[in-house]
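First the structure, in the form of structure tokens, and then the observations on it.
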Amino acid sequence: MGWFSKDKPPLRRPHMERVQDHLPQAKPFTKALMLRASQHVDEAYDDLKKMIGKVNSDDTEQTFEEFVTSCASCVAQEITSKAAKSINVSNAFYPGFELPKEARYVSGFSLYVLFLISEYLTGDDVKIDIWKTVIEAARTDYQFFYRLDQIEEGAKLAKDAVTVFEEVQAGKGQSITAWKDGLSKAISMYVLQWTSDNAEFKKFDCVPFFGKSLKILINVGLHGLPTTEDIG
């Protein structure tokens, strides 16, 4: 029967151990992204295990590109979660709770963060299927919120989030360009802080900027214009 059986499953291999397989071929941004994501995944796993006692984990071996793609999605979700928390909105949609009106914009923001991360990965010569990854991320945002008999409604909201992403990506003009550039730079800083030796650089808090960026997107989406407070 081999070393493992149904009653004796293999031990989970921590992400911070798995990432070591891929670091030798990673350039600076990709390396920092993988390390940040792996630390976050292991912490989330440990927290969930403490809460519910047993957690199923997928330890399927991944190629370098597959591993980086999963890390990109993880960091995009992490940034969005911190941004949403900083402005007191939810980015987690659970069964039994009313879906907040800003949900599509929060998800759309996460998708755009993922796109910006992919641009830095391209600069590191890492190619990921961004459209496949964006669609999967949008679907994942709503998969726990809707029952199987509500799958069409869940699919519509996932499509709405992708539409928000497309509109942001296609947006032009001084204001939207400044918003995109500022968010892109903050994402790069947030990721690279993980491996930097510069103490001043590492202690800069990017989360308030992420929150402000998300708030602007929500206000534009719901009201058409950002508030004076957002711009200032």
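Along the principal axes of its C-alpha atoms, what lengths does segment 67-129 span, in descending order and rounded to whole Å?
Ordered largest first, segment 67-129 gives principal extents of 42, 22, 15 Å.
At a 10 angstrom cut-off on C-beta neighbours, averaged per residue, how do the peptides 102-114, 156-168 rank from highest to lowest?
Ranking, from highest mean packing down: 102-114, 156-168.
When the Karplus curve 6.51 cos²θ - 1.76 cosθ + 1.60 is applied with θ = phi - 60°, which whole-Hz ³J(HN,Hα) does each residue of segment 69-78 get, with x for Gly and Pro?
Once θ is set to phi - 60°, the couplings for segment 69-78 become 4, 5, 5, 4, 5, 4, 5, 4, 5, 5 Hz.
Report the net charge of residues surrounding residue 171, where surrounding means a beta-carbon distance below 15 angstrom and charges are Lys +1, Arg +1, Asp -1, Glu -1.
Result for the local shell: -1.
Report ³J(HN,Hα) in whole Hz for each residue of segment 185-199, in order, from the Karplus equation J = 6.51 cos²θ - 1.76 cosθ + 1.60 where θ = phi - 60°; Gly and Pro get x.
5, 5, 5, 4, 4, 4, 5, 6, 4, 5, 10, 6, 9, 8, 4
For the pairs 132/156; 27/132; 127/212; 31/82; 172/203, flag any whose C-alpha to C-alpha distance is greater than 25 Å.
Pairs exceeding the cut-off: 127/212; 172/203.
Can you tell me the order of 197-205, 177-185 when each peptide is scored by its average per-residue count of other Cβ atoms within 10 angstrom, highest first?
Highest mean packing first, the order is 177-185, 197-205.
Taken together, the values in this text are just the output of simple stated rules run on the coordinates, not laboratory data. Please read all numbers here as calculations on a predicted model, not as lab measurements. Ideal geometry is used to build each Cβ from the backbone, glycine not excepted, and the neighbour counts take in all protein chains shown.
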